[in-house]
1. Scanning for something in the same structural domain as residue 105 (by TED's automatic domain parsing), touching an Asp or Glu at 6+ places or on another chain (Cβ under 6 Å) and among the β-branched types (Val, Ile, Thr), does the range 138-151 turn up at least one residue?
2. In the range 57-104, how many are small (Gly, Ala, Ser), modelled with pLDDT under 95 and buried (at least 19 other Cβ atoms within 10 Å of the Cβ)?
3. So how many residues does the range 273-282 have that are within 12 Å of residue 241 (Cα to Cα) and in contact with a strand residue (DSSP E or B) (Cβ under 6 Å, 6 or more places away or on another chain)?
4. Can you name the condition, by its number, that residue 90 falls short on among (1) over 22 Å from residue 302 (Cα atoms); (2) among the acidic types (Asp, Glu); (3) part of a helix (DSSP H, G or I)?
5. Please count how many residues of the range 41-84 are part of a loop (DSSP other than H, G, I, E, B) and either in contact with a His (Cβ under 9 Å, 6 or more places away or on another chain) or over 17 Å from residue 230 (Cα atoms) (or both).
6. Taking interchain pairs and intrachain pairs at least six residues apart, which have beta carbon atoms under 6 angstrom, with the first residue in the range 7-33 and assigned by TED's automatic domain parsing to the domain that holds residue 46 and the second of a type in the set (Val, Ile, Thr) and part of a loop (DSSP other than H, G, I, E, B)?
7. Can you report the number of residues in the range 240-258 which are crowded, with 20+ Cβ neighbours inside 10 Å and in contact (Cβ under 8 Å) with a residue 60 or more places away in the chain?
8. For the range 1-40, enumerate the residues that are small (Gly, Ala, Ser) and either under 12 Å from the mean Cα position of the chain (by Cα) or in a loop (DSSP other than H, G, I, E, B) (or both).
Amino acid sequence: MNSESIIECVPNFSEGTDPGKVSRIVQAMQVPGVSLLDWSLDTAHNRSVVTIAGQPEAVMESAVRGAGKAAELIDLTRQKGVHPRIGAADVVPFIPVRGATLAECALLARQAGLHIWRRYGVPIYFYGASAARPDRVHLEDVRRGQFEGLRDAVHRDASRRPDIGGPELHETAGASVVGSRSFLIAYNVHLRHPDITAARAIARDIRASNGGLHGVKALGVLANGRAQVSMNITDHLTTPMTKVYVRLKELAARHSAELDDSELIGLIPENSYEEGAEWITRIPNFTPELKVVERRLENPLDWPVAGV
């Protein structure tokens, strides 16, 4: 990577109900050469997602500092939510945007994991293109059992121990899963009625692991009293968002359900945006200048100010 390279990092933190805590984590991530593109709290999932981008080394430092502040502020023994998690800074992915490759981001992720362990004592698992083992490529395999299950498993099963640090998890901050990947679109669709059975059936039928659409991971959950199909689309080039939405409508009809509004968690890449497409029009207040990575880079957010 050269000085003109741009990478993105989208750390997910296991706190979505306390804006003060999340603001302090984001404040800690302010580093010269890094732009803040987006940050949001999801109270239903008790999770927050921060999107930063900029020069590779600076982005790495920003992510490491955020993981450290999260370890200081978040106690997983007290934290609950519908989203799977094993760490205060649960997952820290690095994504190439411009002038960088996935392999280069994989090396950067390895460095970031080492820094998090050395500075803050939080053990690290590597996933995605940074995975050190084939059984840790997929995030869901690393997070199996969540914090509580993994905390016990590392004592009885050497194959579940961290790649760096440990073997025990951090007492309150758990472990962080650090890696590199291509763009991922976090996309949630609500059903018109709070039918969790239908949401789970739709999620089962659309996810790749059950023979559904390539590159789609999905769960059916109740979020704020609403049935939701919560999805990660990991290969939007092979499986465009319009194809995902058309399939959702077909499955909803099959399971006697009706789709309602949708939401994006974080940002999407320019090559996934389709002006006027139905999946876009179902997202309230969608503004491409705010939700498309390449456009947001031209007009980043101000960093939050301490005490405000």
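1. The answer is no, given that none of the residues of the range 138-151 is in the same structural domain as residue 105 (by TED's automatic domain parsing), touching an Asp or Glu at 6+ places or on another chain (Cβ under 6 Å) and among the β-branched types (Val, Ile, Thr).
2. Summing the residues that are small (Gly, Ala, Ser), modelled with pLDDT under 95 and buried (at least 19 other Cβ atoms within 10 Å of the Cβ) in the range 57-104 gives 1.
3. The qualifying residues number 1.
4. Residue 90 satisfies every listed condition except (3).
5. The initial filter retains those residues of the range 41-84 that are part of a loop (DSSP other than H, G, I, E, B), namely 43-46, 55, 74-84.
Those still in the list that are either in contact with a His (Cβ under 9 Å, 6 or more places away or on another chain) or over 17 Å from residue 230 (Cα atoms) (or both) too: 44-46, 55, 74-83.
Looking only at that region, the number is 14.
6. 14/74; 15/74; 16/43; 17/43
7. Of the residues in the range 240-258, 2 are crowded, with 20+ Cβ neighbours inside 10 Å and in contact (Cβ under 8 Å) with a residue 60 or more places away in the chain.
8. From the range 1-40, those small (Gly, Ala, Ser) are 3, 5, 14, 16, 20, 23, 28, 33, 35, 40; that's our starting set.
3, 5, 14, 16, 33, 40 - these are the residues of the range 1-40 that are small (Gly, Ala, Ser) and either under 12 Å from the mean Cα position of the chain (by Cα) or in a loop (DSSP other than H, G, I, E, B) (or both).
The values are calculated or read from the model by the stated rules, or taken from the named source; none is laboratory data. Note that the coordinates shown come from a computational prediction; the quantities given were computed from them, not determined experimentally. Note: ideal-geometry Cβ built from the backbone for every residue, glycine included; neighbour counts use all protein chains shown.
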